[in-house]
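J.: Quick one: the structure is below, questions incoming.
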Amino acid sequence: MSDSESDKDIVLYDLDGEVAVITLNRPEKRNAVSDRVIKALAAAVDRAQDEAKAAVICGNGKHFCAGLDLAEHVKRSPIEGVHHSRSWHAVFDRIEAGKIPFFSALHGAVVGGGLELASATHVRVADATTFFALPEGTRGIFVGGGASVRVGRLCGVARMTDMMLTGRTVSAEQGEHWNLCQYVVGAGEAKAFAIDLARKAAQNAEMSNYSIIHALPRVGDMSRADGLFLESFVASMAASSPEAEERLNAFLNKSAARLSHPGK
Ligand code: 1HE
């Protein structure tokens with residue numbers, strides 16, 4: 001920790017209606033993830049799960065996140081390294097498999113641990129300044145915040161291997177083709193866009209949101225037969241909730257909004 005950091009909030013938390021907005025706030029170090037950042041992020045994520053229906057994670061300054069704080073990492077012993085990696089897994093698991101959906105608003109560098117954090121969120125919105133990278137290979141280290149599981153599943157092992165071996169950077173547009181993000185928006189527009197998406201998701205039935213974020217990744221890891229079996233039970237659970245009845249009736253009595261073409 002630098003002295004100038006000791007008395008400022010390195011992770012900011014705001015509740016905007018039903019949406020929690022969590023902001024990495026260490027711009028002078030490009031939001032590099034130190035041990036203090038991980039602890040503060042964990043507290044913010046827990047608070048969001050308690051009081052919000054959806055959350056957005058974003059970063060202050062020119063970059064979303066420069067990944068692991070390399071200055072802290074230089075001195076770790078092997079066992080300290082394992083505990084450190086597991087402490088990241090614990091927080092990112094809470095994001096990916098908690099009570100509410102998380103959206104990330106990306107800009108500038110989304111690299112190393114920054115991409116690991118983003119890949120733990122459910123929907124990633126990248127602005128035009130975004131670039132993705134996994135420079136671990138060039139730094140003499142390995143991914144430790146879940147990328148081998150999450151990023152490999154998102155973009156495929158071959159692309160991830162290339163990113164790690166060559167240190168290449170990937171633009172927002174390329175990242176969308178590679179499934180590293182689901183939306184690309186204009187420079188500076190990612191946060192507002194992600195908040196808007198989070199507000200929409202917050203309107204869904206809680207059981208639907210919970211089923212989406214928990215069942216889909218699990219089914220992705222299962223055999224087809226097991227996946228289809230689990231799907232039947234989750235579908236039946238969700239459809240038999242009072243909220244589902246209310247919403248289905250709202251459609252039938254024409255009080256619910258209709259879907260329309262995305263161009264309209
Ligand atoms: C940092 C870090 C950091 C910046 N740890 N201090 N991550 C990386 O390998 C990415 C390293 N960072 C960069 O490539 C660049 O900094 C950026 C492209 C993100 C931004 O560039 P720029 O020109 O805007 O900033 P800068 O001048 O490079 O950095 C500004 C300051 O932030 C500078 O400190 P200063 O005291 O000299 O002002 C940098 O040292 C500092 N800084 N990034 C520590 N990452 C659980 S395993 C996860 C493994 C990983 O994440 S590996 C990837 C690590």
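J.: What number comes out for the charge environment of D50, summing +1 per Lys or Arg and -1 per Asp or Glu over other residues with Cβ under 13 Å away?
T.: Computed value for this residue: +1.
J.: Amide H neighbours of G59 under 5 Å, at least 5 residues apart or on other chains, H built in the peptide plane: list them.
T.: Amide H neighbours of G59: L24.
J.: Could you list K200, K29, K99 so that the one with the fewest beta carbons within 10 Å of its beta carbon is first and the one with the most is last? Working shown, then result.
T.: Working: K200 12, K29 18, K99 15.
So the residues, fewest neighbours to most, are K200, K99, K29.
J.: Separate question: Counting helices only, and only those DSSP H runs with n ≥ 4, report the 222 nm mean residue ellipticity of the chain as the sum of -39,500 (n - 2.57) divided by its residues, in deg cm²/dmol to the nearest 500.
T.: -15000 deg cm²/dmol
J.: While we're on this one: Two decimals is fine: what's Rg over Rh for the chain, C-alpha atoms, Kirkwood radius as Rh?
T.: 0.99
J.: Continuing with this model, one more query. Over 18 Å, how big is the tail of the calculated P(r) for the stretch 82-178, in percent of all Cα pairs?
T.: Summing the P(r) of the stretch 82-178 above 18 Å gives 42 percent of all pairs.
J.: Which value, to two decimals, describes the C-alpha radius of gyration of the stretch 108-160 once divided by 2.2 N^0.38 Å?
T.: 1.08
J.: To continue, here is another question. If I build a Gaussian network model for the chain, linking alpha-carbon pairs within less than 10 angstrom, which residue out of K75, K39, K191 has the largest mean-square fluctuation?
T.: K75
J.: Now a separate question. Where in the chain are the DSSP H helices whose C-alpha atoms run 20 Å or more along the long axis and whose mean Kyte hydropathy is at least -0.5?
T.: Taking the DSSP H segments of the chain (at least 20 Å long, mean hydropathy at least -0.5), we get 35-51, 206-220, 224-239.
J.: Taking the chain as a Gaussian network, where each spring joins two C-alpha atoms under 10 Å apart, which residue of A90, A109, A225 fluctuates the most?
T.: So, out of A90, A109, A225, the one fluctuating most is A225.
J.: In the stretch 143-187, which trypsin sites (Lys or Arg not before Pro) are in a loop and have at most 16 other Cβ atoms within 10 Å, using DSSP for the loop call?
T.: Here the sparse-neighbourhood loop sites are R168.
J.: Then there is this: What do you get when you divide the Cα radius of gyration of the stretch 1-126 by 2.2 N^0.38 Å, with N the number of residues?
T.: Cα-based Rg divided by the globular estimate yields 1.00.
J.: Further question on the same structure: If you consider only alpha-carbon coordinates, what radius of gyration and Dmax does the stretch 121-230 have, in Å?
T.: Calculated on Cα positions, Rg and Dmax stand at 16.2, 46 Å.
J.: Further question on the same structure: State, to one decimal in nm, how far the label point of A187 lies from the label point of R76, with both points 7 Å from Cα in the Cβ direction.
T.: Distance between the two pseudo-spin positions: 3.5 nm.
A short reminder: the numbers here are calculations on the coordinates, not readings from a lab. Everything numeric here is computed off the predicted structure, so don't read it as measured data. Note that we place each Cβ from the backbone using ideal geometry, even for glycine, and neighbour counts take in every protein chain shown.
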